[in-house]
Amino acid sequence: MMGERISGIDSLVLSGNEKSMGENPEQRLATIFRGLSNSKRAGLLDFAEFLYSRENGERKDTVAKEPLPISRPGEETVVKAIQRLTVTYPMIDATDLMNESTTLVTQHVMEGRSAKEVIDDLEALFQSHHERLTGDK
């Protein structure tokens, strides 16, 4: 009986591995995407755009020392807010805030935390990091 149970678990594990091994990451992502509700699809796209912007972000050689005066629009997605804040605070290396900002994006996408709350926290994160960099408080 124990042998049968192990072989049953092995067959489940193997069938799962065969599926994921036979499917390339793009196909796997498309499969996952098709299985989500519209709201979860939008969240996945927001998160993918966030990761893409981090991967392909560019730093300018001439960097402002003070935040640029870019106001927050009335309606804004979390990804757009990160893009705005990255431009507003060009002196901050986005990779320095990767862990904290990813956590906030995940709270929005996976846990359903409101975009407004997450954007408020992102703004506070960027501002506090700027204050640490400049010694201002």
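A short reminder: the numbers here are calculations on the coordinates, not readings from a lab. Computed from a prediction, not measured in an experiment: that's the story for all the values here. Ideal geometry is used to build each Cβ from the backbone, glycine not excepted, and the neighbour counts take in all protein chains shown.
What the table below lists for this structure:
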item	result
Taking T86, T106 and counting other C-beta atoms within 10 Å, the order from fewest to most	T106, T86
Residue-count net charge about D120 - beta-carbon cut-off 15 Å; Lys, Arg +1, Asp, Glu -1	-1
Geometric extent, Cα atoms of segment 37-134 - Rg, Dmax (angstrom)	13.3, 44
Zone of D93's modelled label, taken as backbone nitrogen in segment 110-137 under 16 Å from a point 7 Å along Cα→Cβ	129-130, 132-134
Packing-based exposure ordering (other Cβ within 10 Å, fewest first) of Y89, Y52	Y52, Y89
Residues D136, D96, D121 arranged by fewest to most Cβ contacts within 10 Å	D136, D96, D121
